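Working notes, beginning with the structure itself.
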Amino acid sequence: MRDAIVHPSGARLRWVELPGTDPAVVYVHGLGAASAPYYAAAAAHPLLTGRRSLLVDLLGFGISDRPDDFSYTLEAHADALAAALREAGVEGASLVAHSMGGAVAIALAARHPCLAGRLILVDANLDPYDPSLVLPGGSGIASHTEDDFVRDGWKEVRERVGPHWWSTMRLADLRGLHRTATGLAKGKPGHAGAARVDDDPARLPVPGGRAPRGGR
């Protein structure tokens, strides 16, 4: 496991790294998820072994730190991820990103283009939506106020998302989880055209079918 300080508070973003050749493959998880449980099988698949792989947990999630004064917007996540990738010596990476992670990956490619050589997006969130709605497949986190969610709204979300998703969501900082969900609902205008999306998945096969659905 490696880490990098990515916030003035000293908070560290952490990742599991598999050695191999560059350019690296960087895996970015969805809302309430963590990269190792979602991506380990793909990263270890014979078609991908030999490539340097970073299974990253964004701030507030998984094994990374949970700073109270971090905004948890898509842009803030992208900048923190960029700082970690620079610390790791990554350039021109292939980013494999699921759901909310896809929105972060696009923001990273738009803001730090030298770090992203290719995007492979799985069920990426590209458009804003009404946070008061609990959409099919979605968590409904943003339908609560932050204080209500931290107090007891998370219990309702726990029942809605089920044990598979909750197994990683329970590791997340509650305020960070809510702020990220709220930022995701706001979207980012121009996402669809902000960066080139590779439309030839055969150039970087991701075995095993679709990633587990994480919703919004």
quick note, the chain, DSSP beta bridge pairs, % antiparallel (nearest 5) is 40
List the extent of the Cα atoms of segment 100-175 along each of their three principal axes, largest first, rounded to whole Å.
42, 26, 23
Stokes-Einstein diffusion coefficient for the chain at 4 °C in a medium of 1.567 mPa s, Rh from the Kirkwood formula over Cα pairs: what value in µm²/s?
76
I'd like the accessible area for M1: 1.4 Å probe, protein heavy atoms, all chains in place, Å² to the nearest 10.
150
To the nearest 10 square angstrom, what accessible area does R66 show with a 1.4 Å probe?
80
With all protein chains present and a 1.4 Å probe, how do D68, D123, D147 order by accessible area, largest first?
D68, D147, D123
Taking the chain as the reference, fit the longest principal axis to its C-alpha atoms, fit the long axis of helix 100-111 to the helix C-alpha atoms, and give the angle between the two in degrees, 0 to 90, nearest 10.
60
Orientation-averaged projected area, Cα convex hull of segment 7-52 (nm²):
4.2
Find the all-direction average of the projected area of the Cα convex hull for segment 1-111, expressing the result in square nanometres with one decimal place.
6.1
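The values are calculated or read from the model by the stated rules, or taken from the named source; none is laboratory data. Small disclaimer: the values here were computed from a predicted structure and weren't measured. Heavy atoms of the whole protein, side chains included, go into the accessibility calculation; ligands, DNA and RNA do not. Shrake-Rupley method; radii C 1.70, N 1.55, O 1.52, S 1.80 Å.
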